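Visitor: Encoded as structure tokens, here's the structure I'll be asking about.
Any read-out appearing in this document is the output of simple, stated calculations on the displayed coordinates, not a laboratory observation. Worth saying up front: this structure is predicted, and the values here are computed from it rather than measured. Virtual Cβ from ideal backbone geometry, glycine too; neighbours counted across all protein chains shown.
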């Protein structure tokens, strides 16, 4: 502490000056301490928020649910689940269900889209059991690129699915893809992944499937899907059109993807 | 430089607007209606995505509660602790908004303008509250953070001792 005390000052004035200097120094020290405390508290809050956000990110990324291509018993289990859902239902190209079903649902999806997976695992199975299996509804799968980052990857995976459709097994491939969807943006869709899925599709002739993947008509189909989605101003997946088969379709807005009620309501109106 | 009072009033206005946005989104969520959105179906897509809920709780409702506690912390008499509370709530809100914006951009691939506006407001609130907290008091004498220096000064030795 400085002691710039003027010798001309009286003792009382000197005491007051010293007291004033001490007070100022202590106030400065207290202010610095308070600022330090504030910085520590701010840092603690920011650190806590970073940790909380990281935990939420991990928890909502479906780390345990999106493991990618299944192997061994796990793969058998997925194949069994998908088979029990679609086995015995007529398939034609990208369509599941009786071609003469009175109602058609068009499902615009991106195979890498986790929200489509939510629909695939949620509202879709009861719809298939209740309406498709009984011949009242057919579902056409159309593609729309949303979650897949690379257009080339999108086209490749979609053509792979449609190539299975050449053997009327597209819905096995599509369902297995969603069931074994990997972590979004992780680049899990590789040639090995697509080959692995194809090998799981019951009854798929692999050489024919591989050959069909080079069919330009399938790539054109993906382009037509995009045009159809554009006409409807669809920007997200899943998106849906529904209508009487052979008639005009209308958008199915904001359906609950976990429960079939919204779809059932629309289908029942068309069946009435 | 803005006074503490000006910062506080600015934050109150922004938080009130944010409360309105969050209330609207919560209403939209529970009523099942389509949100007013100039960007096509983007708002609907975000609102109905799997990321619109955390542990079953709609994020719109979490946002609404967030704005309520921020407003409450701004309305209590100003003190070091109230400034800390506002800062903590807004930084948490900012982190939450950052997470939701990430999901919109990289998972849902759609932007909801209501959510984006809320994220913007929360960013401003967090910035202002951090500034206000670090700046400390500019309260009138007797404020709770004022250094009680007088009582801390030891008495001078008596003259001639």
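Visitor: Run the numbers for residue A:130 and residue A:59: contour at 0.36 nm per residue of separation, minus the present Cα-Cα distance, in nm.
Guide: Gain on stretching residue A:130 to residue A:59: 22.3 nm.
Visitor: Neighbouring Cβ atoms within 10 Å as the yardstick, rank B:122, B:11 fewest first.
Guide: Ordered from fewest to most neighbouring Cβ atoms within 10 Å, B:122, B:11 come out as B:11, B:122.
Visitor: Only bridges whose two residues both fall in region A:50-209 count here: according to DSSP, what percent of them are antiparallel, nearest 5?
Guide: DSSP beta bridges in region A:50-209 are roughly 35 percent antiparallel.
Visitor: If you take each beta carbon of peptide B:91-101 and count the beta carbons of other chains within 10 angstrom, what is the mean?
Guide: 4
Visitor: Could you work out which residue, out of A:58, A:40, A:139, moves most in a Gaussian network model of chain A, that is, has the largest mean-square fluctuation with Cα springs under 10 Å?
Guide: Judging by the Gaussian network model, the answer is A:40.
Visitor: Could you work out, residue by residue across B:107-115, how many beta carbons of other chains sit within 10 Å of that residue's beta carbon, and then give the average as an integer?
Guide: Mean shielding by partner chains, rounded to a whole number: 3.
Visitor: For a footprinting-style exposure proxy, rank A:117, A:269 by other Cβ within 10 Å, fewest first.
Guide: A:269, A:117
Visitor: Another one. Rounded to the nearest 5, what % of the DSSP beta bridges within the protein assembly as shown are antiparallel ones?
Guide: 70 percent
Visitor: Same structure again: Using alpha carbons only, how many degrees (0 to 90, rounded to 10) separate the axis of helix A:261-271 from the longest principal axis of chain A?
Guide: 30 degrees
Visitor: Take the Cβ-Cβ distance between residue A:52 and residue B:3 as r, set R0 to 51 Å, and report the resulting FRET efficiency rounded to the nearest 0.05.
Guide: Between residue A:52 and residue B:3 the formula returns 0.95.
Visitor: For helix A:191-200, report the angle its Cα long axis makes with the longest principal axis of the Cα atoms of chain A; keep it between 0 and 90° and round to the nearest 10°.
Guide: 50 degrees
Visitor: Here's a follow-up. With each run of n ≥ 4 DSSP H residues scored as -39500 (n - 2.57), what mean residue ellipticity at 222 nm is computed for the protein assembly as shown after dividing by its residue count and rounding to the nearest 500 deg cm²/dmol?
Guide: -19000 deg cm²/dmol
Visitor: Could you work out how far apart the two model spin labels at residue B:131 and residue A:191 are, taking each label as a point 7 Å from the Cα in the direction of the beta carbon, and quote it in nm?
Guide: Here the modelled spin labels are 5.7 nm apart.
Visitor: Working from Cα positions, state the angle (0 to 90°, nearest 10) between the long axis of helix A:170-179 and the longest principal axis of chain A.
Guide: So the helix axis and the longest Cα principal axis differ by about 20 degrees.
Visitor: Would you mind telling me which residue in A:36, A:155, A:224 has the biggest mean-square fluctuation in a Gaussian network model of chain A, where springs connect alpha carbons within a distance under 10 angstrom?
Guide: A:36
Visitor: Can I ask one more? Shielding of A:23-32 by partners, i.e. mean partner chain Cβ atoms within 10 Å per residue?
Guide: Whole-number average of other-chain Cβ neighbours for A:23-32 is 3.
Visitor: Sticking with this structure for a sec: Output needed for chain A: three equivalent-ellipsoid semi-axes, defined as square roots of 5 times the C-alpha gyration tensor eigenvalues, in descending order, whole Å.
Guide: 65, 22, 17
Visitor: Only counting other Cβ atoms within 10 Å, I'd like A:234, A:119 sorted with the fewest neighbours first.
Guide: The most exposed by this proxy come first: A:234, A:119.
Visitor: Would you mind getting me the FRET efficiency between residue A:258 and residue B:36? Use the beta-carbon distance for r and R0 = 22 Å, nearest 0.05.
Guide: Efficiency, from the Cβ-Cβ distance: 0.30.
Visitor: Between residue A:11 and residue A:152, what is the spin-label point distance in nm, taking each point 7 Å from the Cα along the Cα→C-beta axis?
Guide: Here the modelled spin labels are 9.4 nm apart.
Visitor: At 0.36 nm per residue, minus the direct Cα-Cα distance, what do residue A:217 and residue A:25 gain on full extension? Give it in nm, one decimal, please.
Guide: Difference between extended and current length: 60.8 nm.
Visitor: Which of A:133, A:14, A:38 moves the most in a Gaussian network model of chain A with Cα springs under 10 Å?
Guide: Judging by the Gaussian network model, the answer is A:14.
Visitor: Pull up the DSSP beta bridges for region A:1-144 and report the antiparallel fraction as a percent, rounded to 5.
Guide: 35 percent
Visitor: Oh, and also: If one computes the Cα centroid of region A:252-266 and of region A:23-42, what distance in Å separates the two points?
Guide: Region A:252-266 and region A:23-42 have Cα centres spaced 60 Å from each other.
Visitor: Continuing with this model, one more query. What whole-number distance in Å separates the alpha-carbon centres of region B:1-75 and region A:94-127?
Guide: Each part's Cα centre sits 33 Å from the other's.
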